[in-house]
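What follows is one structure encoded as structure tokens, with my remarks underneath.
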Amino acid sequence: MTRRRRIYEGKAKVLFEGPEPGTLVQYFKDDTSAFNNSKQGVITGKGVLNNRISEYLMSRLSEIGVPTHFVRRLNMREQLIREVEIIPIELVVRNVAAGDFAKRFGLAEGTALPRSIVEYYYKSDELGDPLVTEEHITAFGWAAPQDLDDMVALALRVNDYLSGLFLGIGLKLVDFTLEFGRLWENEDMRIVIADEISPDNCRLWDIKTNEKLDKDRFREDLGKVEEAYQEVARRLGILPEGGPGDVKPPKAVQ
Ligand SMILES: Nc1ncnc2c1ncn2[C@@H]1O[C@H](COP(=O)(O)OP(=O)(O)OP(=O)(O)O)[C@@H](O)[C@H]1O
Ligand SMILES: [Mg+2]
């Protein structure tokens, strides 16, 4: 394996310098965190599955003209991406009440919302990613009004497309988080989807049973966490043969 300069190590991924200027290699770890890093763990094989799932979903999105940072998958745990200037706002699109949102409004988990609701969170580990409004975002200069318009329009297209895609494999897209970045090409700037789209940042429930098949299994100690990620990959038709593959336990010596 070639040696690469490590640029950033986050909770779930590592970013390395890419082979060409303007590119990065995104390495997917099995490490998992929740509740602003207060809960930590490892989901064996998650990195392999999220690498594949994010590759698949971002590829489908780019086919319908939604711009993303994804270039190509390199191996089991790494993908080549375009380096972007990350906008420090996470967009959450919600179709059904769950998690923190259900608590905040006193709604039972699973209540269908009257329409899709978009929320903004300021990306700051120290502050615990607070919920913010358009006023905060533009006043503090985190994003321009035009950037926000583009982000919301993209997020709603992603929601429509992915809701249908998941429905087709018996999954309900309850909510999801997106990160965006600015991609510069000469003097022109485009907003593209960055980071990842996977069961780490999507809530996915089985249509018939409402069984959770996402990171909530880890957050809520529901068990069968690895199996849930595998099930999503299996239904998408992209489960690597023989499971995640690079994580086979060592053979027992007789
Ligand atoms: N195309 C890209 N160019 C530059 N940075 C990116 C790109 N895609 C994702 N990132 C950033 O890479 C990091 C991915 O690592 P990881 O998801 O582990 O971070 P994290 O610990 O969850 O922290 P964060 O709260 O920033 O997401 C994130 O900070 C994300 O914003
Ligand atoms: Mg992250």
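Since every read-out is calculated from the coordinates, none of them should be taken as a lab result. Because the structure is predicted, anything quoted here is derived from the model rather than measured. Quick reminder, even Gly has a Cβ in these numbers, built from the backbone with ideal geometry, and neighbours come from all protein chains shown.
Please give the strands (runs of 3 or more DSSP E) falling wholly within the range 1-60 in which 2 or more residues are near ligand 1 (Cβ under 10 Å from one of its atoms), under 17 Å from the mean Cα position of the chain (by Cα) and surrounded by 13 or more Cβ atoms within 10 Å (Cβ to Cβ). Reasoning before the result, please.
On the way: elements: 6-9, 13-17, 23-28, 31-34, 39-42.
In the range 1-60, the matching strands (runs of 3 or more DSSP E) lie at 13-17, 23-28, 31-34.
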inquiry  = For the range 203-226, give me each residue that is under 17 Å from residue 44 (Cβ atoms) and more than 18 Å from the chain's Cα centre (by Cα).
reply    = 221, 222, 223, 224
Hits in the range 109-124 (condition: closer than 19 Å to residue 86 by Cβ and part of a strand (DSSP E or B)) = 118, 119, 120, 121, 122
task = Identify all residues within the range 44-71 that are free of Cβ contacts under 8 Å to residues at least 24 places away in the same chain and out of contact with any Asp or Glu (no Cβ under 8 Å at 6 or more places or on another chain); write none if there are none.
result = 59, 62, 63, 65
key: Members of the range 14-51 that are over 14 Å from residue 200 (Cα atoms) and among the polar types (S, T, N, Q)   = 23, 26, 38
task = Show the residue pairs that are 6+ apart or on different chains and have beta-carbon atoms under 7 Å apart, the first residue being within the range 119-146 and touching a residue at least 12 places away in the same chain (Cβ under 8 Å), the second being of a type in the set (Gly, Ala, Ser).
result = 137/143
Residue that is nearest to ligand 1 (Cβ to nearest atom) [pool: residues in the range 133-182 that are part of a loop (DSSP other than H, G, I, E, B) and within 21 Å of residue 63 (Cβ to Cβ)] = 169
query = Within the range 3-17, can one find any residue that is farther than 25 Å from residue 183 by Cβ and away from ligand 2 (no atom under 16 Å from the Cβ)?
reply = yes
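If I filter the range 142-165 for residues that are more than 30 Å from residue 4 (Cα to Cα) and basic (Lys, Arg), do I get at least one hit?
Here is the first cut: in the range 142-165, the residues more than 30 Å from residue 4 (Cα to Cα) are 142-165.
Filter once more, so that each one left must be basic (Lys, Arg): 157.
Yes, there is a match, as at least one residue in the range 142-165 is more than 30 Å from residue 4 (Cα to Cα) and basic (Lys, Arg).
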message = Just checking, does the range 95-114 include any residue being surrounded by 14 or more Cβ atoms within 10 Å (Cβ to Cβ), within 16 Å of the chain's Cα centre (by Cα) and either at negative phi or within 16 Å of ligand 1 (Cβ to nearest atom) (or both)?
response = no
